[in-house]
1. Using a 1.4 Å probe on the protein chains only, how many percent of the accessible area of the chain belongs to carbon and sulfur?
2. Dipole magnitude of segment 33-108 about its Cα centre, charges +1 at Lys/Arg Cβ and -1 at Asp/Glu Cβ only, in debye to the nearest 20?
3. So if each residue of separation counts as 0.36 nm, and I subtract the Cα-Cα distance between K142 and Q128, what length gain in nm does that give?
4. For K174 and E16, calculate 0.36 nm times their separation in residues minus their Cα-Cα distance, and state this gained length in nm to one decimal.
5. Give the long-range amide H neighbours of S31: residues separated by 5 or more places, or on another chain, with amide H under 5 Å away, using H modelled in the peptide plane at 1.01 Å from N.
6. If r is the Cβ-Cβ distance from R81 to M181 and R0 is 35 Å, what FRET efficiency results, to the nearest 0.05?
7. Rounded to the nearest 20 Debye, what is the dipole magnitude of the chain about its Cα centre when Lys and Arg each give +1 and Asp and Glu each give -1 at the C-beta?
8. May I ask which residue of A42, A14, S2 lies farthest towards the positive end of the charge dipole of the chain, with charges of +1 (Lys, Arg) and -1 (Asp, Glu) on Cβ and the Cα centre as origin?
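The values are calculated or read from the model by the stated rules, or taken from the named source; none is laboratory data. Nothing here was measured: the structure is a model prediction, and the numbers come from that model. Reconstructed Cβ throughout: ideal geometry from the backbone, glycine too, with neighbour counts over all protein chains shown. Just the protein is used for accessible areas: all its heavy atoms, side chains included, with ligands, DNA and RNA removed. Shrake-Rupley method; radii C 1.70, N 1.55, O 1.52, S 1.80 Å.
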Amino acid sequence: MSSQQKAKQRMEGALEALRREFANVRTGKASPALLDSVRVEAYGSMVPLNQVGTVSAPEPRMLTVQPWDKSLIKKIEYAIRESDMGYNPSNDGNLIRVPVPALTEERRKEYVKMLHKLAEEGRVSIRQVRKDANDEVKARQKKEGLSEDDIRREQGEVQKLTDQYIAKVEELLKHKEADVMEV
């Protein structure tokens, strides 16, 4: 596998990690991904919420959790309440309802700042992949005797790849920021 293919694979991984981080940031609409970080104590260990029940968003401002094992309903409710997301779940014995409050303008701006910080971390990890790929090219020069032209060409291709992935980060940020600021 060439250094460009490895770099592309790693940059794609960084982009995917950023997508997952962005999915956890709340927008004005309810999304099952909002509860992805909640862990529930079940059967003697801490497990992700989606492994003990089905999370759905039947309305724009409501999430529901349908536990597979009714004996865990109190633990699930407790885990959601104790998460630092500010939700106040209620249960009717079969289903947990989690109202998602509307975001204030101030809270939206805080989320946008957080998105920019996450995007910068994504850009930094992509640049790190570029650095590693360029170091690998230089190491190959010593080992395989690559010419200066070959090195410049390969580093130029790595830079083009980096620019493409940085642009994808910017695009993700733009869309997520629009989602968060939407009233």
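1. Numbers: 5460 of 10670 Å².
Solvent-exposed carbon and sulfur of the chain make up 51 percent of the total.
2. On the way: 9 positive and 10 negative charges, 20 e Å.
Here segment 33-108 has a charge dipole of around 100 debye.
3. Numbers: separation 14, 0.36 × 14 = 5.04 nm, distance 2.15 nm.
2.9 nm is the gain from fully extending K142 to Q128.
4. Values: separation 158, 0.36 × 158 = 56.88 nm, distance 1.60 nm.
That pair, K174 and E16, stretches by 55.3 nm at full extension.
5. none
6. On the way: r = 28 Å, r/R0 = 0.80.
The formula returns an efficiency of 0.80 here.
7. Values: 33 positive and 31 negative charges, 26 e Å.
The dipole of the chain has a size of about 120 debye.
8. S2
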